[in-house]
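Below you'll find the structure, written out as structure tokens, and then a few comments.
Derivation of every value follows stated rules applied to the coordinates shown; laboratory data play no part. Keep in mind that what you see is a predicted model, and the values were worked out from it rather than measured. When we count neighbours, we look across all protein chains shown, and the Cβ atoms used for this are built from the backbone with ideal geometry, even at glycine.
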Amino acid sequence: MESAEDWLVESLRLYVVWAWGRAFGYQDFHAFDLPGATRVLEWIGDTGVFVAGYEKLKRNEILHLTLPPRLSVKENQGLLPERDFKVCHGGFSDRAIFDLKHVPDTRLLVTSGLPGCHLQVWQIAEDSDVIEAVSTIAVPEKEGSLWPRVAICPSEAPGVLHGARLSGLEVVDLESQKVMYTSGVSDSEELSSLQVLDADTFAFCCTSGRLGLVDTRQKWAPAENASPSPRPSGGRWCSDVRAKGQGPGPSIASLCSDGQLCLLDPRDLCHPVRSVQCPVSTPSPDPELLRVTWAPGLDNCLAISGFDGTVHIYDVTSRGGTEGPAEPLFTHRGHLFLEDQGTGAAPLVTTHTWHPRKPRTLLSAASDASVQVWEWVDPRASR
């Protein structure tokens, strides 16, 4: 009887969440709780996602989850019995995991975190539900406070691009662990993100706002910007590069912890096409969680988070030039809506990601261990 009552209470809660989402401009809205907060939301296919804990001095779970079936149907089918994520595989890490990448077309994962003395390679078992550590990749940096940023170079022999500073940038063959490329410089600039663009090029962003595009077929000679923006703010920066062929206009978005957003053309990184101030409530309280992402299924939209308990969606279509404040097209406030009123502390969004196939569907995670799946409605559609 008790389990039936629990199901009813949870069903009523989910109905309230769904009704709230409908009332505030969502086509779909679902909320879930994880065993612990995550900074990782890494897709595998259209319905699978990896999450991993990041608490220090604790064993953290790595989980391969699949979305509930109700998120795959087009019309609302009420309160279905399968209301939650399903755990497909899981494992434990003795380190805090700040980044996790799935190696395409394999059962391998690469993680990075603190302490940052190495990368960990994991394998998803074929005949069990276990994710197990299989090897490590040494990194040049031994600084206790830094952890390597990671990106995967997909190919027949996949490689791992990693580095905490420009001086330690390497591409390592995943199988042989042979170093295939290195920056070979003494530049100590700290990295905030790395992104592989194709088989021969990658992009880097430093915490200072320094951006660069690197061709691995030649010695280190990146095309880069001279300064992060027309108005250097002293904050920390992150960036994202839009996929090739995905709409006209600027393809690099760079975001500062004070809310400044710069859009750049890769052919001229020194002169932003547009620079605007996003109306964030406060500077990011933890710039490590700062995130900007282009929508893979929409030509001109991007999302930002890491300032508070919200995720903002922007349409970047506009005239060229430097402009003033920008208004978001949509603001996701779901993590604030479901915050624990007893603590008095609002959660902070730790990461977000766009669905690879559904253009306006995103996942977001917060410091209260909540994960939300939501599909926003373009407010211009009803005008």
Item checked: Euclidean distance of C-alpha centroids, region 126-205 and region 251-312, integer Å -> 24 Å
Note to self: Please compute the Kirkwood hydrodynamic radius over region 47-186, one decimal place, Å, based on all pairs of different Cα atoms.
What the structure shows: 16.4 Å
Item checked: At R0 = 30 Å, FRET efficiency that the Cβ-Cβ distance of T106 and R357 yields, to 0.05 -> 0.90
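At a Förster radius of 35 Å, what calculated FRET efficiency corresponds to the Cβ-Cβ distance of S155 and L57, to the nearest 0.05?
So, using R0 = 35 Å, E works out to roughly 0.40.
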Note to self: With the cut-off at 29 Å, tell me which of the pairs K58/K142; K58/K244; K101/K142 have Cα atoms farther apart than that.
What the structure shows: K58/K244
Note to self: Assuming 0.36 nm per residue, please report the length gained on full extension of the stretch M180 to R217 beyond their Cα-Cα distance.
What the structure shows: 12.3 nm
Note to self: Semi-axes of the equivalent ellipsoid for region 114-210, please: Cα gyration tensor eigenvalues, times 5, square-rooted, ordered largest first, whole Å.
What the structure shows: 24, 16, 12
Checklist line | Kirkwood hydrodynamic radius of region 123-274, Cα pairs, Å | finding: 16.6 Å
Next item on the list: Working from the alpha-carbon coordinates of region 26-69, get Rg over Rh, Rh being the Kirkwood radius.
Entry: 1.02
Next item on the list: Using a Förster distance of 25 angstrom, determine the FRET efficiency expected from the C-beta separation of D33 and E126, and round it to 0.05.
Entry: 0.30
